[in-house]
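Here, each number is a calculation from the coordinates, and none is a lab measurement. What you see is a predicted model; the values in this text were computed from it and never measured. Quick reminder, even Gly has a Cβ in these numbers, built from the backbone with ideal geometry, and neighbours come from all protein chains shown.
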Amino acid sequence: MAKPSPSGRPVFFGLSARLLLLTIAFVMVAELLIYAPSISRFRKSYLEEAVSQAHLAALALEATSDATLGPDLKDELLFHAGAHAIVLKRPDRRVLMLSKDMPPRIDLTVDLTEMSPVRWLGGAFSTLIERHNRVLRVVGDLPRDPAVMVEAVIDETPLRQAMYDYSVRILALSIVISLITAGAVYFSLQWLLVRPMRRITGSMARFQEDPEDEMRIIVPAARADEMGVAERQLAVMQRDVRAALVQKERLATLGAAVAKINHDLRNSLATAMLVHDRLADIDDPEVQKVTPRLFNAIDAAVNLCRQTLNYVGDGVVKGERAAVELRGLALDVEEALHMAAEGDPRQQGVFDLAWKNDIEPALTVEGDRRQLVRLIENLARNAGEAGAKTLTLTAGQTGGRIILAVADDGPGLPPRAKERLFQPFVGSARAGGTGLGLVIVRDIAKAHGGEVTLVKSDATGAIFHIDLPAWA
Ligand SMILES: Nc1ncnc2c1ncn2[C@@H]1O[C@H](COP(=O)(O)OP(=O)(O)OP(=O)(O)O)[C@@H](O)[C@H]1O
Ligand SMILES: [Mg+2]
């Protein structure tokens, strides 16, 4: 019967059914291999029996005083021996012959002393396939006295009939044996393999429907075999998946909360900045002393808000894909950064940074312009903040990829930053830094199917390579 499988497709021809048929087929093949030698053995025995019957009849003839018989008795002896003629040759050259009046012509001589199994095999099959009766002369010696030769001339048809009967018996036996074997194999496989396999696939399907339901995790059977291992592994995997899902949901909630807090915080910070500006106007030495510290604190908080939002956003939002000309993009970022840093003593380094834009105008990246702006901005800010004087941008295309190289002549990354490269919130080695800049760079590169690598960082500066898709 068709059972629905977990994938929704019905299992018409399951493992068990296939195994059943295969077992039957294998047993039948094995029986066939046994059949060939046994049918040839059967034929040989039959012929030996014919010779020994002939010998008995010859002995009866010998027992008469002059070795002559009346025609009735002769026919009867031949009839009982199932032969047309019988010849007995003694070692002393005495020959005894018993024959019908008109013995038939001999078609084939079969020598029982023949040793080759292949010949016997061939003989057996030639008897089986022969359509007409052949007259066989069977020649053999006596097992007890090999010097005595006996010949029996017999018909082949009774032999063939006996061989047919024998074959039918073998066939029936083979069918019974293969059915019993196949049944045994079927039930043991069903028990050992198919049933536990169904349990595993069933559990997978149930788990897939609702991975967060703990009750759907498989309870592994206490088996020591491979199935037991598979069940235990599945249980571990389901537990891990479930934990990861729960974790993911919590993180998503947390992300949403962070975004909301950020939003409200920015409003508060804008107000605080306004108050700061008012305070800065007050001509009081005490107030003038504290306002720069207040400004720094607010500025760090604003940066934290901005970077956290970028970080959360880049992780979730899939950017749009458009042709972005790299050289122009870098020029825009340079201008924007310059303007943003102007007149701000804390951003002096970023303001002073000289840009050396060596990107060829033709190079065009396929990507999200806003994200790419953020990528270059973060790298440039880092260089400026680290005290670099010049930022050199170059790019090269190989196949469908473009490598953007951003090099500076600053002091290189401090060990703390290098050790925690690309780790959110902990990679910062700078006062007021959030440790998100490089993580954002990496996330953006990844969102473009690329990667960012720090290829050099020493006292003469740092070089980052960003691998991006070229616009085709
Ligand atoms: N070009 C560079 N030269 C020297 N040090 C660098 C350079 N780029 C990054 N760093 C170091 O790596 C650290 C991590 O940089 P990242 O941009 O991730 O965080 P951040 O700049 O501290 O904070 P923010 O999130 O505001 O960018 C920096 O604090 C800095 O010490
Ligand atoms: Mg930074």
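For region 356-377, enumerate the residues that are within 15 Å of ligand 1 (Cβ to nearest atom) and surrounded by fewer than 19 Cβ atoms within 10 Å (Cβ to Cβ). Walk me through how you get there before you give the answer.
As a first pass, look at region 356-377 and keep what is within 15 Å of ligand 1 (Cβ to nearest atom): 356, 373-377.
Selection gives Lys356, Val373.
Would you say Gly399 is surrounded by fewer than 23 Cβ atoms within 10 Å (Cβ to Cβ), within 16 Å of ligand 2 (Cβ to nearest atom) and among the small types (Gly, Ala, Ser)? Taking the combined requirement at face value, the residue does not satisfy it. For region 95-148, a tally of residues being touching a strand residue (DSSP E or B) at 6+ places or on another chain (Cβ under 8 Å) and either of a type outside the set (A, V, I, L, M, F, W, C) or assigned to a strand (DSSP E or B) (or both) returns 25. On the basis of being among the aliphatic types (A, V, I, L, M) and touching a Phe, Trp or Tyr at 6+ places or on another chain (Cβ under 9 Å), does Met149 make the cut? Against the criterion (among the aliphatic types (A, V, I, L, M) and touching a Phe, Trp or Tyr at 6+ places or on another chain (Cβ under 9 Å)), Met149 does not qualify. Of all residues in region 403-424, those that are part of a loop (DSSP other than H, G, I, E, B) have Cβ atoms under 7 Å from Cβ atoms of residues that are away from ligand 2 (no atom under 14 Å from the Cβ) and small (Gly, Ala, Ser), 6 or more apart or on another chain, in Asp409/Gly461; Gly410/Gly461; Pro411/Ala459; Gly412/Ser457; Gly412/Ala459; Gly412/Gly461; Leu413/Ser457.
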